[in-house]
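The values are calculated or read from the model by the stated rules, or taken from the named source; none is laboratory data. Just so it is clear, the model here is predicted, and its values are computed rather than measured. Every residue, glycine as well, gets a Cβ built from its backbone with ideal geometry; the counts of neighbours run over all protein chains shown. Heavy atoms of the whole protein, side chains included, go into the accessibility calculation; ligands, DNA and RNA do not. Shrake-Rupley method; radii C 1.70, N 1.55, O 1.52, S 1.80 Å.
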Amino acid sequence: MEDDKHEVKSFKELGLVEQLIEACDSLGWKNPSKIQAEAIPHALEGKDLIGLAQTGSGKTGAFALPILQALLADQHAFFACVLSPTRELAIQIAEQFEALGSSISLKTAVLVGGVDHVQQSIALGKRPHIVVATPGRLVDHLSNTKGFSLRTIKYLVLDEADRLLNEDFEKSLDEILNSIPRERRTYLFSATMTKKVQKLQRACLRNPVKMEVACKYSTVDTLKQQLRFVAAKHKDCYLLYILLEKCESTSMVFTRTCEATRLLALMLCNLGLNATPISGQMTQTKRLENLSKFKAGTCPILICTDVASRGLDIPSVDMVINYDIPTNSKDYIHRVGRTARAGRSGVAISLVNQYELEWYIQIEKLIGKKLPDFEAQEEEVLLYLERVTEAKRLSLMSIKEAGGHKRRREEDVGHKFHGKNNKSKRR
């Protein structure tokens, strides 16, 4: 019965004003998701929130709508701050705020690394209502941007809180919590509840209402999960075979390293497939450009690291391939959550070699089931071996050459610099 209760609720029943109901309608949101149905009424009552929900469950709307409703009654600058662990997610959160607040002339600023500092300072000078940021860049602006502070904020949101609590962000997070008012509302959203999230809950929330709308580590029923044990040397052949078998699909291929994203994307392009990489080593501009191509459907295969496993709303993903299964089993949930979103079906195929068995066993324990085999005749798969080997050889050569060009350019710059110095010494 609990589920039926959520299904029948409309945004109006949750207590949202007409302006925001119309904004939801214009985004195609007819009814609230479960996390929205549970969180919004408590938020409108002024409670702190802890929301545990699967990825793709509508979490952004669950915190953005109550904040915008409060802003309608009290429109002042620097009203809310949202923290995100990744640049792409921060940009996406800001886009959703802007879409929901388009009728109220909402101003947002996004503060993330890899983007011009001065441009961000100009955006802050326009006194935005909502600041969406990654922790490091926010601290940078709090320290160095004249006239900017968060002393007036009424709302703090920690999205993907379990990721925000890793060591990379700990120091920045402490500084942020020390520079904002104690009198505020705090919303903490996470796909998983870890000991660190519990610790943060004690540190910065007051009598929070906790809601969990799905089994802790569940994957959705519309997701078909499969597994294939392969020899490490044949993994590339299986990848090509799967992509060709499901050539109509939009696919995300997850690898463990940034270098592998580049190599696999080149290899697949050499084999005539349209693939593009995204990883933490790329510039922000390039990452967004490649992501846009994938979202627009002009490039149907995205090769990525875990930078793309959290929070990115790419609705049309049909298939996720774990080329390398994750070493942290919880990351498996986030990766496969990129497909079968919002009631659609999807496929997740994991390639597991002889060195990765231990990690796979941890995933089985976490999700509480054994995955069925991806059916394929090995003789058919290995027909691609020669083509794949050659394509990979060419890709490695081109990466090596690109590295050589880069080194030579750096050396040329060095020679010019030293040459100038020598001349000045001779004078």
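Using a Gaussian network model of the chain with C-alpha springs under 10 Å, which one of E175, E379, E95 is most mobile by mean-square fluctuation?
Largest GNM mean-square fluctuation: E379.
To the nearest 20 debye, what is the magnitude of the charge dipole of the chain about its Cα centre, counting +1 on the Cβ of each Lys and Arg and -1 on the Cβ of each Asp and Glu?
With Lys and Arg at +1 and Asp and Glu at -1, about 2080 debye.
Using Cα centres only, tell me the gap between the stretch 228-292 and the stretch 86-117 in whole Å.
Going from one Cα centre to the other spans 28 Å.
Hey, rough spin-label estimate for L244 and A99, points 7 angstrom out along Cα→Cβ, what's it come to in nanometres?
Modelled inter-label distance: 3.7 nm.
Normalised by the residues of the stretch 1-111, what does the relative contact order come to in percent, with Cα pairs under 8 Å and at least six apart?
Relative contact order of the stretch 1-111: 26 percent.
May I ask which residue of A39, C24, V131 lies farthest towards the positive end of the charge dipole of the stretch 1-155, with charges of +1 (Lys, Arg) and -1 (Asp, Glu) on Cβ and the Cα centre as origin?
The residue sitting farthest along the positive end of the dipole is V131.
Taking 0.36 nm per residue of separation and subtracting the Cα-Cα distance, what length does fully extending K30 through S179 add?
The K30-S179 span can extend by a further 49.8 nm.
Ignoring everything except DSSP H segments at least 4 long, calculate the 222 nm mean residue ellipticity for the chain; use -39,500 (n - 2.57) per segment, divide by total residues, nearest 500.
Helices in the chain give a 222 nm mean residue ellipticity of -14500 deg cm²/dmol.
Measuring from the lowest to the highest alpha carbon on each principal axis, how far does the stretch 127-192 reach, largest first, in angstroms?
On the principal axes, the stretch 127-192 reaches 36, 24, 19 Å in Cα extent.
Please report the projected area of the chain's Cα convex hull averaged over all directions, in nm².
25.0 nm²
Just need the relative contact order of the stretch 268-382 here, percent rounded to a whole number, with Cα pairs under 8 Å and 6+ apart.
20 percent
Based on Cα positions only, what radius of gyration and what Dmax would you give for the stretch 63-156, in angstroms?
12.2, 35
If Rh is defined by the Kirkwood formula over all Cα pairs and Rg also comes from Cα, what ratio Rg/Rh do you get for the stretch 332-371?
Taking Rg over the Kirkwood Rh, I get 1.01.
Regarding the stretch 24-116, what's the average projected area of the Cα-atom convex hull, expressed in nm²?
6.7 nm²
Please work out the Cα convex hull volume for the stretch 100-258 and give it in Å³ per residue.
Hull volume over Cα atoms, normalised by residue count, gives 216 Å³.
Given labels modelled 7 Å from the Cα in the Cβ direction, how far is it in nm from T298 to A231?
A separation of 4.1 nm, rounded to one decimal place.
Which whole-number percentage describes the relative contact order of the chain, with Cα contacts under 8 Å and a sequence gap of 6 or more?
Relative contact order here is 16 percent.
I'd like the accessible area for T298: 1.4 Å probe, protein heavy atoms, all chains in place, Å² to the nearest 10.
90 Å²
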